[in-house]
Amino acid sequence: MLDGLLSRLRTMFRRDRIASEMEEELRLHLDQSTELMIRRGMAPDAARLAARRAMGNTTVMAEDARAARGTSVIDDVRRDVQYALRALTRTPGFTAVVIVTLALGFGVNGALFAVLKRAMSPTSIADAGTWLRIPDHWSWEDYLRISNGTRTMTEWSASAEEIVLLAADSRDQDPETIRAEFVTDGFFPSLRGRAALGRVFSPADVAPPVGIPTAVLSHSFWRRRFNSDSSIIGRNIRLSDGQPFGVIGVMPERFTGTSMRPPDVWLPLGTRARLPNTDDLRGSNATNWFGPSGRRFLGIQARLAPGTNLAAAQAELRLRIEHVSSGGDSTRGRETASRMHPATQSGINGAEEVAGVALVLGAAFSVLLIASVTVANLMLARAAARRREMGVRLALGASKSRVVRSWMTECFVLSLVAAAGGMLIASWTMRAIVLGPTFTSLLKGGDPLILAAALAPDASAFVYLVLLSIPSTLVFGLVPALRATRHDPLTTMRGGTNSTGSTGGAEPVYLRRGLVISQVALTTVLLLVSAMMVRGVQETGRIDPGFNRKDVIAVSPTLVHSGYDSVRADRFMTEFLGRLSTVTGVQLITRGSVPMENAIWATVTRPDETLSGKTEWNGTINVVSENYFEALDIHIVRGRTFTRAEVLNNATVAVISERTAETLWPDQEPIGKVISAKTLDQHARKELRDGTFAQTLVVGVVRDAQMNGVGLWPRRYVYVPGDYGTPMVRTNGDPEVSNRVRAMIRLIDPNVIVNLRTLDEALWESSGWLESARLMTNAAAGMGILSLLMAVVGLFGLTAYAVEQRTREFGVRMALGAGATSVLRLVAGQSLRMVAIGASFGVVAGIATSGLLRSQLFGAGSNDPFTFVLVVLLLAVVSLLACGIPAWRATRVDPMVALRTD
Amino acid sequence: MRPTRTDLLQGTLDLIILQLLQGGATNGWDLTLRIQATSKDVLSVNAGSLYPALYRLESRGLIKATWKTTAKNRRAKYYALTAKGRRQLAAERTTWERFAGALTAILSTKGKSHA
C-alpha cells in the first residue's frame, strides 16, 4: 500500500526521467523488432517501417502507460493548471474582466454568508454545544435550589444586566450610563473566559449578599474609556453616586460574554444591592435581592455535564423547577425545561426564519448566477476565438474529454481566483458597512470593531464560495467548451470561423440569446424584490400609529443611576416639570407610558366575566396625567378625559380605547360601565394600590392607538389617572427643543443623564427588525443594481457582437437603400425582444417571490402595480441604452468599407 | 498452415506475464517473443498492450524492474516477480483453472437444454 503511494509520489516528481526511461525501453523494443524482420529477409528500411507500424502509436502508449501508473489525474490537473495560467495571462484584459465580474458575484455571497452565519449562531461562547441558558428569570433562592447538586448539569452561573451610571472622574468629563452585568464567580470559568489583564472574580468577591466592590472591564470599554491603559488594574472606577469599584481585570477582545455585544463592565453579583435600583425611587423598602422569596432578576446558565444529553438535563431541570415553585406548578417546569437549548441552537428556528435565510442566500446566489451568465457570454466569444487551438489539440490526438477537461480547469482557475477576490470584496464591504456612519448609529454605543471582526468572512465563508464556484463554473465553462469541441478538427484548422458568421455562428447566437434572457429574468426578480423591500420600509415610515409621533418628546432623566433617593428625586421632578413649561417651544407637558417602550400588562375584565388562566394577561394599563390625550393627539371619541384632581388622587375612573369598548360591550354605551383591572407588575403595584383597580368607572373612550408595537392594536387598553409616568412634551415642531430641554436639565444637576427621544424614534427603535430590514433592503438594492449592471454589460456585449458579425449585411442593406432607422430597428428590436421575454419571466417569478417576502417583512411584498411598472420601466430604459449604442454604431457603417472587409 | 491468431481474453495478459516471469527476470522484447513462442504463435501481444501492462503490474508491486545490460550490451529493463507477485500468480492461476474447468464442462455437454 505504502509502496504504491511512494511510487506514485516518486513518479509524480520524476515524470521526465520516467518518460526518458520509457522511451529508451521502447526504442530497444523497436530496434530488436527491426532486427528480427531484417533477419527474416526484409530490407532495412522496410523493416524499420514495419516494426514501427507493428508497435502502434507510441504517444497513445505513453498516455496508456501513464494511466497504468495511476498518476495521470494529478499529472493532468497539474499540467492543465499550468496551461490555464499561461492561457489566462496571455489575455490579461479578458481575464481581469472575467475575474472582476465573478468576484463581485462571489463578494455578495461571501458577505451575506458571513452575516447569516453570525445571525444563525449569535454567540461567541466557547464550546457552545454544551452551554445551556435556563429560560426565564429567577430569584437568588431559586438559583441556589435549582443548581445545588445537579447530576446532568454543572458549572452553574447566574447573571443580571443593569444600566449603571459611571460618574465623571473630573470636571471636563461627562457622566455616562454604561451597561453592567452582575455575575457569580462561576460565570467566567463556565464561558472559558480568562482575563487579558489582571484576574476575574473569586468566590470572595462575589459572595451575596455583600460582595466586594470590584470590576472586570470589557476590552472595548477599556479601549474607549481608558485608552487601553494597562495601569488601570488596581485603580477605582466610580459608579452611581460615586461608589468606588476596584478594577481587577480586563477581558480579551474576543470575549463578549453571553451575547454578541458585551456589557461595559462585569461586577460581582453581591454588589447588586449596593447600587440603586429603579424601585428605590418610589419610596419603597429596599429591594429584596438575596433574601427568601426575593426579586426574580437572575438569568441562569449551566453546562451540560459530560456523558449526559439534553433530554436528561431537561428532565432534571423540570423536576428542579417543580420543586422550587411551591404549589407544584408542573406546567411551568415542563414548559421552561422544554425551552432550554444549547447556545448553538438559539439562532435560527422556525420555518419562517429558514425561509428568510433561503431568500437572502437565494438572492445572493442569483447575483452570482447573473455574473456567471455574463461571463458565459464572454466565454462563448473566447471559445469561438480559440476553436482553432482546440482543433489543433484534437488533431494531435488529445481526446475530446481531455480538451474539455483542460478548458474546464481554466474556468475553475478563473473561478477560484474570483472567489478569493470575492472574499476580499466581502470583507471590505462588511468593514465599510459596519464602520460606516449609518451602522454605527444603529449600534448605539456598541463597539463596531467587535462587530466588524465578528462579521468578517472566515474560512467557512471561503469554503462556501469554493462550493458555489462549482455551479458557477459549470454555467460559464461547460457550454462554450462543449460547443468548441463539437466541430471536427479538419474544418476548424482549415479556415477557422467564417467571417460572416452565417453558418457556424447561428447556434451560439441562440445560446447567447438564451443566456441574456435568463440574465434579464434574474435581474428583474432581484430588482423587484429590492423594490418591494424598499416600499415595505417606506410603508412603515408612513404608518399612522394612532398617536402623534413627530412632535412629542419623551424625557427620561436617569435619576436612580445618579444615586437619587425618592425625596431628592421628587424634588428634582418638581423643579424639572416646573421649568419645563418655560422652555421655548414646549406646548403641553404630560406624563404616562411612552408608546412602544413601557406597558403595564394587566388583566382587564368586566365584572360579569370570568377568565380562564390563558387570558390572564389580556390587557394593558397606562397611567397618565391630564394632558396625555391632547399632547399625543389621541382623539376623544366619547365622554371626557381626566381632571387634574383625578390625576392627583388616582381616582377610580378610566378611559378606554374604542376597540376595548367594542370588545367588552359590543353595541352598548360604554360610558358609565364598570371594569376591573389588575396587574402584577412590580412597579405598578407599588404606585397603584397594589395594582388593583376594582370597580373602576369608564368615563371616556378614545381612538385606538398602536401603543404596544407596530401592527398591534390592543384589544383591552385602559388609561387610568396618575402622576407617575415618563414626562413627555408636545413641541411646536422645532427640533431645537430637545437641546433646550437638555441644557435646562444640566442647570438643575449636571450629574443627571437624560434620555430624550421623539415618539417617532421610540417607534423605530422598538421595531428592532426595522433596523435589520433597512440593512436588508440596502443589501437587496445593492444586489439589484449590481445585477442590472451585469445585465447591461451582457446585453451590450451581445448586441455589439451581433452588429460586428453582421457588418457586411448592414453594408449591403444600406447600399441597397435601407435607411438608418430600419437598421436601428433591426438591431435594437432583436435585443429588446430578448429583454421583453426575460422581463416577463422575471415578473412572473417576482410575483411568486412576493408571497415569501410578505411573510418576512411587514408591509413588504405587496403586489402593488406601481413597483412592478417602475422596475419594468427602469429595465426598459437601461436596456434601450445598452443596445441602442451598438445599434447606432451599426447605422454608421459605411457600405463601401463594410463590403470591402472580406 | 498458420494457426489463427487469437485476441487475448480480457485480463489474461497479466496472468501470462506473471507466469512467464516465474522463469526469471526478462525484458519486454524477450517477453513478446516468449509469449508468441510458448503459445505456438496463437497469441500475439503488441507493444501497445504489453508495456502498459508491465507498468501497471509494477505500480501494483507485483513485479520489479531493474536496468541491466543485454547479451548485446544494450541497456534494457528487466522485470522480475516479487513475493507479492508470486502470491498473486498462485491465486490467479487457481481462479483461471476453476474458470477454464467450468467452461470446458459447459462446452462438453451436448446441448440437452431442450430435452
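The values are calculated or read from the model by the stated rules, or taken from the named source; none is laboratory data. On a predicted model such as this, the values are computed, not experimentally measured, just so you know. Cβ placement follows ideal geometry from the backbone for every residue including glycine, while neighbour counts extend to all protein chains displayed. Areas reflect the complete protein model, heavy atoms only, side chains present, ligands, DNA and RNA absent. Shrake-Rupley method; radii C 1.70, N 1.55, O 1.52, S 1.80 Å.
Quick one: accessible surface of A:Ser556, probe radius 1.4 Å, all protein chains present, in square angstrom to the nearest 10.
For A:Ser556, the solvent-accessible surface is approximately 30 Å².
Under a Cβ-Cβ cut-off of 10 Å, what is the net charge of the residues other than B:Leu15 that fall near it, where Lys and Arg count +1 and Asp and Glu count -1?
On the way: positive: B:Arg93; negative: B:Asp14, B:Glu92.
In short, -1.
Starting from the alpha-carbon convex hull of region A:158-209, give the projected area averaged over all orientations, in nm².
5.0
Provide Rg over Rh for chain B; use the alpha carbon set for both Rg and the Kirkwood Rh (inverse mean inverse pair distance).
1.08
I want the local charge near A:Thr891. Using Cβ-Cβ distances under 12 Å, sum +1 for each Lys or Arg and -1 for each Asp or Glu among the other residues. Display every interim value, and only then the final one.
Working: positive: A:Arg813, A:Arg825, A:Arg889, A:Arg892; negative: A:Asp894.
Net charge in that neighbourhood comes out at +3.
Report B:Lys68's accessible area, 1.4 Å probe, all protein chains in place, as a number in Å² to the nearest 10.
Around 100 Å² of this residue is reachable by solvent.
Classify region A:530-669 from the C-alpha gyration tensor, please: rounded if a/c falls under 1.5, else prolate or oblate depending on whether a/b exceeds b/c. Please list the in-between numbers first.
Details: a/c = 1.65, a/b = 1.17, b/c = 1.41.
Oblate.
Tell me the net charge near A:Ala839. Cut-off is 15 Å between Cβ atoms, A:Ala839 excluded, with +1 for each Lys or Arg and -1 for each Asp or Glu.
The answer is +2.
At q = 0.11, 0.12, 0.17, 0.21 Å⁻¹, what is the base-10 log of I(q)/I(0) for region A:617-762 according to the Debye formula with one equal point scatterer per Cα and no solvent? Please give it to two decimals.
-0.48, -0.56, -1.03, -1.37
If you take each beta carbon of peptide B:53-60 and count the beta carbons of other chains within 10 angstrom, what is the mean?
5
Give me the percent of accessible area attributable to carbon and sulfur for region A:558-648, probe 1.4 angstrom.
Roughly 52 percent of what the probe reaches on region A:558-648 is carbon or sulfur.
From largest accessible area down, sort A:Trp222, A:Trp138, A:Trp764, B:Trp67; use a 1.4 Å probe on the protein chains.
B:Trp67, A:Trp764, A:Trp222, A:Trp138
So how much accessible surface do A and B hide from each other in total, probe 1.4 Å, in square angstrom to the nearest 100?
By this definition, chains A and B bury close to 2000 Å².
Across peptide A:30-38, how many C-beta atoms of other chains are within 10 Å of each residue C-beta, on average?
Taking all residues of A:30-38 together, the mean is 3.
Lysine pairs in chain B with Cα distance under 23 Å, only those 8 or more apart or on different chains: how many are there?
Step by step, the pairs that qualify in chain B add up to 5.
For the full complex of protein chains and a 1.4 angstrom probe, list A:Ser738, A:Ser469 by accessible area with the highest value first.
So the residues, ranked largest to smallest area, are A:Ser738, A:Ser469.
Classify region A:106-264 as rounded, prolate or oblate, taking a ≥ b ≥ c as the square roots of the eigenvalues of its Cα gyration tensor: rounded when a/c is under 1.5, otherwise prolate if a/b is larger than b/c and oblate if not. Walk me through the numbers before you get to the answer.
Working: a/c = 1.93, a/b = 1.11, b/c = 1.75.
Verdict is oblate for region A:106-264.
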